[in-house]
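For reference, the structure is listed below as structure tokens.
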Amino acid sequence: MIKRFLNFLGPAQAQNLFFLLAITGTISLVLNAVEGEWVRPVQTLLFITFLTGTVFIFGSRLDPFARGRWIGALLPAFGVILLAGFFFPSRLGLAMGAAFGWIIAALFLFKPRSPMEYQNAVKHLRKNNYAEAVKSMDLLIKQEPTKANHYRFRAEILRLWGKL
């Protein structure tokens, strides 16, 4: 699992995430030894800095559609939490629940659509019409020959059909 995580981030972004955690964590640990009223707000800002940096690091690795999908889900939620925190602190718990609900709903609302050929192939698979399913995927492969997932799905159809 850690290897998949590092493969997703890539070496440069994994290193950036490590340094971000090391720097903010070390400063926060050093501040534990300091007495003063200002220590807790500074540690909170360090934590917010770490979270923001982590979001930017992960966001930089997503494709544009997925990045827009997550921005559309997270930005309104954080906006509601900030507004409630500043103007209605007694209702912050309610706002956090609503924000969490929005994130879950937005991930379903902004779900990426699969190509129509995939939908047709699945429809033919449900009817055990493997030849039509393969033809549907062949059309998609002719349109987009560089996408490996199309070949993989066609191979899975052929395997189910008994041709592989």
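The residues of the range 62-90 that are surrounded by 14 or more Cβ atoms within 10 Å (Cβ to Cβ) and of a type in the set (D, E, K, R), listed by number, are 67, 69. Checked against the criterion of being modelled with pLDDT under 90 and either surrounded by 11 or more Cβ atoms within 10 Å (Cβ to Cβ) or not polar (S, T, N, Q) (or both), the candidates 135, 111, 142, 127 yield just one match: 111. Taking the criterion of being farther than 30 Å from residue 8 by Cβ, assigned to a helix (DSSP H, G or I), in contact with an Asp or Glu (Cβ under 6 Å, 6 or more places away or on another chain) and not aromatic (Phe, Trp, Tyr), would at least one residue in the range 119-131 satisfy it? Looking through the range 119-131, at least one residue is farther than 30 Å from residue 8 by Cβ, assigned to a helix (DSSP H, G or I), in contact with an Asp or Glu (Cβ under 6 Å, 6 or more places away or on another chain) and not aromatic (Phe, Trp, Tyr). Of all residues in the range 58-75, at least one satisfies being part of a helix (DSSP H, G or I) and over 12 Å from the mean Cα position of the chain (by Cα).
When 137, 96 are checked against the criterion of being part of a helix (DSSP H, G or I) and farther than 21 Å from residue 150 by Cβ, 96 stands alone in meeting it.
Is it the case that some residue within the range 43-54 is under 24 Å from residue 78 (Cα atoms), small (Gly, Ala, Ser) and without any contact (Cβ under 8 Å) to a residue 60 or more places away in the chain? Within the range 43-54, one or more residues are under 24 Å from residue 78 (Cα atoms), small (Gly, Ala, Ser) and without any contact (Cβ under 8 Å) to a residue 60 or more places away in the chain.
The values are calculated or read from the model by the stated rules, or taken from the named source; none is laboratory data. On a predicted model such as this, the values are computed, not experimentally measured, just so you know. Heads up, the Cβs are rebuilt from the backbone with ideal geometry, glycines too, and the neighbour counts pull from every protein chain shown.
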